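Engineer: One structure coming up, written as structure tokens, with questions to follow.
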Amino acid sequence: MLLSLDEATVRFGGRAVLDAVALDVAEHEVVCVLGPSGSGKSTLLRAVAGLQPLSGGRVVLGGRDQAGVPAHRRGVGLMFQDHQLFPQRDVGANVAFGLRMHGVAKGERDAEVSRLLGLVGLPGAARRAVASLSGGEQQRVALARALAPRPRLLMLDEPLGQLDRSLRERLVVELRELFGRLGTTVLAVTHDQSEAFALADRVVVMRDGRIAQSGTPLEVWQRPADAFVARFLGFENVVPATVAGTAADSPWGKLPVPDGSAQGRRTVLVRPAGVRLVSADQGLACTVTARTFKGTHVAVHLQPADGPRVEAACPLRDAPEPGASVGVEFDVAETVVLD
Amino acid sequence: MRLGLMALPVAFFALFFAWPVAAIVARGLETDGAWHLGRIADVVTRPDIRHVLWFTTWQALASTALTLLLALPAGYVFARLDFPGKQLLRAVVTVPFVLPTVVAGSAFLALLGRGGLLDELSGVRLDTTVWAILLAHVFFNFAVVVRTVGGLWAQLDPRQEEAARMLGASPLTAWRRVTLPALAPAVAAAALMVFLFTFTSFGVVQILGGPTFSTLEVEIYRQTSEVFDLSTAAVLTLVQFAAVGAVLAVHAWTVRRRETALRLVDPTVTARRPRGAGQWTLLASVLVVVALLLVLPLAVLVRRSLDAPGLGYYRALTRADGGTFLVAPVHAVWTSLQYAVAATAIAVVIGALAAAALARRDAGRLVRGFDALLMLPLGVSAVTVGFGFLIALDRPPLDLRQSWILVPLAQALVGAPFVVRTMLPVLRAVDVRLREAAAVLGASPWRVWREVDLPLVRRALLVASGFAFAVSLGEFGATVFIARPDNPTLPVAVARLLSRPGELNYGQAMALSTILMVVCAAALLVLERLRTDRTGEF
């Protein structure tokens, strides 16, 4: 393992911001830590970088315990959330900074800077002032700067957080390609699930300083570990239920669940695509409270006579008007028993 | 790391401040190994001393009130009005603050004293009245109020007042309910600073007070150098120490309150062209006050220094036959510059190290306590420093009596707090994550300071050096105790010339003061060009 966290704990006052976290990152792996703000994901990066001392546990890099190793000797890169480019230096000097710190000769440095700027899509920008850069350009320069000293581990804190949506979607693809080509080992944190899923080989979901789930994007998406992860991924149809065989008794009535599901008192998730609208006299009777246009489909919000709201994904043309009465049936293929 | 940064400043202040102060305490209250705390009561109940205490307090209160009255409108004018020549006016207002007290003393003597401008015009002399002292105090501290209050005022978001107006408040109510509460801590902090400076006023009172008026500071000097009652002087120093400590504690508290979150905006966008008769009248009256109180005394000073035909007073400075000095008075210029350069170097090293340690986010209680401690030499008054040096550093293990470094050390002690005050806000403003970014890229702590902090604070460092230089150059209270008679500094030479009778001595004092004023004003004007942050605490 390139990076191993072993029971890593950070306390602020009495509160554990990082609570006995164990995490391994293999060489060439891209791991994305996903969590709401305050879940301790930035502290995790700072602890690995050596900017935040541990209250307990260990950070092991390349097989060596990093206790007592200061940030500048750890050989890891960190791209800050708001980039933190040095305002008094131009783009080239920002990128060259780490190379200078590592004693790289001037000629070699200049060549490396132009190579890196080309790599991030900003050829010839070396003499530009940092203040003249747009948000996306700043992000690229910050990336080039972090890559320059060839860190064994590159860490990204909300790498695309402040950019607008279309730019974010484009850059995430570029980053993914770049990391694949360079074979960089990456540990990124983000609160944006689509960013994490697009970027990562493996996603780690954090909650209150602990790891809630770890797996490939597909695994996490298909089988959220618990109600928290499911809701964090944007799923609203999460209800407590008692599972017996292939049926679950829930506030929405009997739900069909897949064969081999865990039995007893559980939490059940039905993805919106598995909520089928039928005529009012069939299934669970609901009233349409709202509908929101999602581009490829319409999200229809439904209020049953009894029990929590249900969200359904409808084709654009079939969405009923708010106020309409409909029936609801649940599709076993889109239903998951959690916990 | 932090302890490393602190080591030098702590050692410096322990050796050259704490120890002299301890020596004063011992001198005042101890004889033959026994402590006599009763001496404090004995001294402060003496009628002459009670008179001094009373006068010191009320003149400080009156000076503070008068300064606020005259300078607050100017603060508004600088913050909210935009007019041609504003930059120049700002510099003019700031010049007096860095001028040596003896220059102000001479200037007001030339304006209000015997044969002065007022005397010539109306036959009225004010130099023997308290008015001369009060006006000179306003002259000095005008800039403190304008900078502290006006600086914040300019950054208050005018939309806050507009929001109050939209909710139905009249302009006056909006000001009273929105702006005034936001300004109040700054006004309080400025008032406390002015009180402190005037409470410990030395040079001005020494020159303008005559035999009638004496502040604590002057009395300490008199007891030491004329009455030779070191024990009384020591007790008085302790009384002053306690008073200053109390004021500084209150000041620290108001400054902390001032740091509570206010919506601050770029000061360049809040100023508007004056509109309506009210604003024009206000602008005009502020200009009149500045002209009469700040510019006129200096103009008269220069005029008086030129009274003798063919620059006679200036030429007299180059001769040593006046009998007042062993060397030509002009030699004092050279001496002063040497001392000031040495003092600036010491003050900048000590002050910058202390500021770097204080600026760290993780600075604990202990370090923040040191912050307040650093302010003490500023308030505790130069005379205390000089007196302390005199009785503490004159015997082994540290006998500096014969060393030229004694004067620069004392001046550095007075100048270092200015360096800290100037550097600290800028250092605190450096984003800690910039340093972290550099560290992650492989920069050691020392390189982080050199590569990240230094480029960002270089200007502040220059400004701080300039301040320290001006303060050292004009330093009078401490220097007068310890400067060697054969090697006076400029302010000491001016004071000595003024204390001698005769037209030639008076004229030479005016000429030397003019030279001193020009050097200090030049230093300040260079600073004004460098200065980016106009909200500093001075």
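Every number in this text was worked out from the coordinates using simple rules, so none of it is lab data. As the structure is a prediction and not an experimental result, all values here were calculated from the model. Backbone-built Cβ (ideal geometry, glycine too); neighbour counts: all protein chains shown.
Engineer: Can you pull the Rg over Rh of region B:380-452, Cα-only, Kirkwood?
Structural biologist: Values: Rg = 19.3 Å, Rh = 15.4 Å.
Using only Cα positions, Rg/Rh for region B:380-452 is 1.25.
Engineer: Which of the peptides B:16-24, B:517-525, A:325-333, B:105-113 is most tightly packed, and how do the rest follow, going by the mean number of other Cβ atoms within 10 Å of each residue?
Structural biologist: Descending mean neighbour count gives B:105-113, B:16-24, B:517-525, A:325-333.
Engineer: If you take the Cα Rg of region B:130-191 and divide it by 2.2 N^0.38 Å, with N the number of residues, what do you get? Don't skip to the end; give the middle numbers.
Structural biologist: Working: Rg = 15.1 Å, N = 62, 2.2 N^0.38 = 10.6 Å.
Compactness ratio reported: 1.43.
Engineer: Sticking with this one: Ranked by Cβ crowding within 10 angstrom, fewest neighbours first, how are A:ASP259, A:ASP201 ordered?
Structural biologist: On the way: A:ASP259 7, A:ASP201 17.
Fewest to most other Cβ atoms nearby, the residues stand as A:ASP259, A:ASP201.
Engineer: Cα-based Rg (one decimal) and Dmax (whole number) for region B:420-532, in Å?
Structural biologist: In order Rg, Dmax, the Cα atoms of region B:420-532 give 20.9, 70 Å.
Engineer: State, in angstrom, two size descriptors of region B:452-494 derived from its alpha carbons: Rg to one decimal place and Dmax to the nearest whole number.
Structural biologist: In order Rg, Dmax, the Cα atoms of region B:452-494 give 15.0, 46 Å.
Engineer: Still on this structure: Across 10 Å bins from the origin, how do the percents of Cα pairs in region A:282-339 run, short distances first?
Structural biologist: The calculated distribution, bin by bin, is 22, 52, 23, 2.
Engineer: Looking only at other chains, what is the average number of their beta-carbon atoms within 10 angstrom of each beta-carbon in B:430-438? Write down the numbers at each step before the final one.
Structural biologist: On the way: counts 0, 4, 2, 9, 5, 3, 9, 15, 7.
For this peptide, the per-residue mean of nearby foreign Cβ atoms is 6.
Engineer: If you average 1/r over all unlike Cα pairs in chain B and invert the result, what Kirkwood radius do you get in angstrom?
Structural biologist: Numbers: mean 1/r = 0.0411 Å⁻¹.
After inverting the pairwise mean of 1/r, the radius is 24.3 Å.
Engineer: Report the semi-axes of the equivalent ellipsoid for region B:9-154 in whole Å, largest first, where each axis is √(5λ) for an eigenvalue λ of the Cα gyration tensor. Each step should come with its number before you reach the end.
Structural biologist: Numbers: eigenvalues 285, 118, 45 Å².
They are 38, 24, 15 Å, listed from largest to smallest.
Engineer: Give the distance, in whole Å, between the Cα centre of region A:58-125 and the Cα centre of region B:226-241.
Structural biologist: 61
Engineer: Ok, one more. Evaluate Rg over Rh across region A:188-339, taking Cα atoms for both radii and Kirkwood's formula for Rh. Write out the running numbers ahead of the final one.
Structural biologist: On the way: Rg = 16.1 Å, Rh = 16.3 Å.
Taking Rg over the Kirkwood Rh, I get 0.99.
Engineer: Using a 10 Å cut-off on Cβ to Cβ distances, tally the other chain neighbours for every residue of A:72-85 and report the average as a whole number. All intermediate terms of the calculation are to be shown ahead of the outcome.
Structural biologist: On the way: counts 10, 3, 3, 2, 1, 3, 6, 2, 6, 1, 2, 2, 10, 2.
Partner-chain Cβ atoms within 10 Å, mean over residues of A:72-85: 4.
Engineer: Now for a different question. Seen from all sides and averaged, what is the projected area of the convex hull of the Cα atoms in region A:48-177, in nm²?
Structural biologist: Numbers: hull surface 35.8 nm².
With the hull built on Cα positions only, its mean projection is 9.0 nm².
Engineer: Further, regarding this structure: Per residue of region A:322-332, what does 6.51 cos²θ - 1.76 cosθ + 1.60 with θ = phi - 60° give for ³J(HN,Hα)? Whole Hz please, x for Gly and Pro, Karplus curve as stated.
Structural biologist: x, x, 6, 9, 9, x, 10, 10, 10, 9, 5
Engineer: What 222 nm value per residue comes from the helices of chain A, counting each DSSP H run with n ≥ 4 as -39,500 (n - 2.57) and dividing by all residues, nearest 500 deg cm²/dmol?
Structural biologist: On the way: 8 runs with 84 residues, N = 339.
About -7500 deg cm²/dmol.
Engineer: Pop out the Kirkwood hydrodynamic radius of region B:157-259 from its pairwise C-alpha distances, inverse of mean 1/r, in Å to one decimal.
Structural biologist: Values: mean 1/r = 0.0599 Å⁻¹.
The Cα-based Kirkwood calculation yields 16.7 Å.
Engineer: While we're looking at this one, here's another question. Which whole-number value in Å³ per residue fits the convex hull of the alpha carbons of region A:1-68? Don't jump to the answer; show the numbers that get you there.
Structural biologist: On the way: hull volume 5.4 nm³, N = 68.
Cα convex hull per residue, to the nearest whole number: 79 Å³.
Engineer: Moving to a separate point now. Over chain A, how many percent of alpha carbon pairs lie in each 10 Å bin up to the one with the longest distance?
Structural biologist: That works out to 5, 22, 25, 21, 15, 9, 3, 0, in percent per bin.
Engineer: Obtain the radius of gyration and the Kirkwood radius of the protein assembly as shown from its C-alpha atoms and give Rg over Rh. Write down the numbers at each step before the final one.
Structural biologist: Numbers: Rg = 36.1 Å, Rh = 32.6 Å.
On the Cα set of the protein assembly as shown, Rg over Rh gives 1.11.
Engineer: Go through region B:195-250 and name the chymotrypsin sites (Phe, Trp or Tyr not before Pro) that are in a DSSP coil and have 10 or fewer other Cβ atoms within 10 Å of their Cβ.
Structural biologist: Working: sites: B:PHE195, B:PHE197, B:PHE199, B:PHE202, B:PHE213, B:TYR221, B:PHE228, B:PHE241; in loops: B:PHE202, B:PHE213, B:PHE228.
Listed in order of number, the matching sites are B:PHE228.
Engineer: May I pose another question? Translational diffusion coefficient of region B:96-226 at 37 °C, 0.692 mPa s, Stokes-Einstein with Kirkwood Rh over Cα pairs, in µm²/s as a whole number.
Structural biologist: Numbers: Rh = 17.2 Å.
Answer, rounded: 191 µm²/s.
Engineer: Count the net charge of all other residues whose Cβ sits under 12 Å from the Cβ of B:PHE55, scoring Lys and Arg as +1 and Asp and Glu as -1.
Structural biologist: Working: positive: B:ARG50; negative: B:ASP48, B:GLU217, B:GLU219.
Once all neighbours under 12 Å are counted, the net charge is -2.
Engineer: Report the dimensions of region A:91-166 along its three principal axes from the alpha-carbon atoms, largest first, rounded to Å.
Structural biologist: 39, 28, 19
Engineer: While we're on this one: Which whole-number percent is the relative contact order of chain A (Cα, under 8 Å, 6+ apart)? Each step should come with its number before you reach the end.
Structural biologist: Working: 718 pairs, mean separation 53.8, N = 339.
Reported as a whole number, the value is 16 percent.
Engineer: With 10 Å bins from zero, work out the P(r) of region A:168-266 over every alpha carbon pair and list the percent per bin.
Structural biologist: Taking all Cα pairs of region A:168-266, the binned fractions are 14, 36, 28, 15, 8, 0 percent.
Engineer: Could you please state, rounded to a whole Å, how far the C-alpha centre of region B:175-202 is from the C-alpha centre of region B:27-98?
Structural biologist: Each part reduced to its Cα centre gives a spacing of 12 Å.
Engineer: While we're looking at this one, here's another question. Express in nm, to one decimal, how much length is gained between B:ARG272 and B:LEU525 on full extension, taking 0.36 nm for each residue of separation and deducting their alpha carbon distance.
Structural biologist: Details: separation 253, 0.36 × 253 = 91.08 nm, distance 2.52 nm.
Working it through step by step, the gained length comes to 88.6 nm.
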